[in-house]
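Worksheet: one structure, shown below.
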Amino acid sequence: MIAAAFRISSLAPRTLRASTSVTSRTPQLMRTFISSPVRKEEGSAKGDSILKVTANTFDKEVTHSTQPVLVDFTATWCMPCRMLGPVLDKVVKKDGRVKLVKIDVDEQAALAGDYGIASLPTVVVFHKGSPVDSFIGVRNAPAVEEFIGDVIAKISKDSK
């Protein structure tokens with residue numbers, strides 16, 4: 001489908017241009033994600049804010065956190081990341097049992113490399129400094145809610 005959305009211009013053989021006929025058939029939701037800027041909120045609290053983490057703050061915010069932490073490895077150019085970001089924000093704020101932090105892999109390449117991040121978006125849940133579970137790719141809100149519920153149940157089971 002993505003290949004169908006682009007045609008190679010005869011004037012510039014190496015330049016890809018969006019086909020207006022395909023773009024006009026793009027669902028409204030997709031056009032909204034394409035045109036909306038990436039939200040950047042900063043702060044740290046139980047489910048009510050999102051923190052942008054760097055290599056310098058990773059230990060404090062993730063490794064030493066008392067609650068489970070969803071780490072969203074993302075990039076500003078990554079369309080699936082831009083689609084997943086608002087879903088994670090909404091679900092984490094609603095749930096409140098986990099903290100959400102975002103790591104821009106372009107700015108924090110060494111940190112992404114330390115955890116073997118090869119695909120975006122990748123979400124890794126940390127508890128007591130260790131990765132517990134993860135997923136790669138876009139998920140809708142019910143799937144993210146189910147993922148968080150499963151992780152919380154796994155953590156509760158392991159701590160007993």
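Please go through segment 71-86 and pick out each residue that is over 9 Å from the mean Cα position of the chain (by Cα) and hydrophobic (A, V, I, L, M, F, W, C).
Passing the criteria: Trp77, Cys78, Met79.
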First in segment 56-80 and hydrophobic (A, V, I, L, M, F, W, C), second anywhere and open to solvent by 50 Å² or more (accessible area, probe 1.4 Å), Cβ under 8 Å, 6 or more apart: Phe73/Tyr115; Ala75/Asp106; Trp77/Asp106; Met79/Ile34
Looking only at segment 25-54, and only at residues there that are hydrophobic (A, V, I, L, M, F, W, C) and under 17 Å from the mean Cα position of the chain (by Cα), the one that is modelled with the highest pLDDT: Val53
Residue within segment 133-145 that is touching a helix residue (DSSP H, G or I) at 6+ places or on another chain (Cβ under 6 Å), of a type in the set (Gly, Ala, Ser) and touching a residue at least 60 places away in the same chain (Cβ under 8 Å) present: no
Conditions (1) closer than 22 Å to Lys60 by Cβ; (2) in contact with a helix residue (DSSP H, G or I) (Cβ under 6 Å, 6 or more places away or on another chain): number failed by Gly113: (2)
Segments classed as strands (runs of 3 or more DSSP E), wholly inside segment 62-158, with at least 2 members that are surrounded by 18 or more Cβ atoms within 10 Å (Cβ to Cβ) and out of contact with any Cys (no Cβ under 9 Å at 6 or more places or on another chain): 69-74, 99-104, 122-127
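The values are calculated or read from the model by the stated rules, or taken from the named source; none is laboratory data. Computed from a predicted model, the values in this text were never measured in an experiment. Cβ: placed from backbone, ideal geometry, glycine included. Neighbour counts: every protein chain shown. The area values use the complete protein model at the heavy-atom level, side chains included, leaving out ligands, DNA and RNA. Shrake-Rupley method; radii C 1.70, N 1.55, O 1.52, S 1.80 Å.
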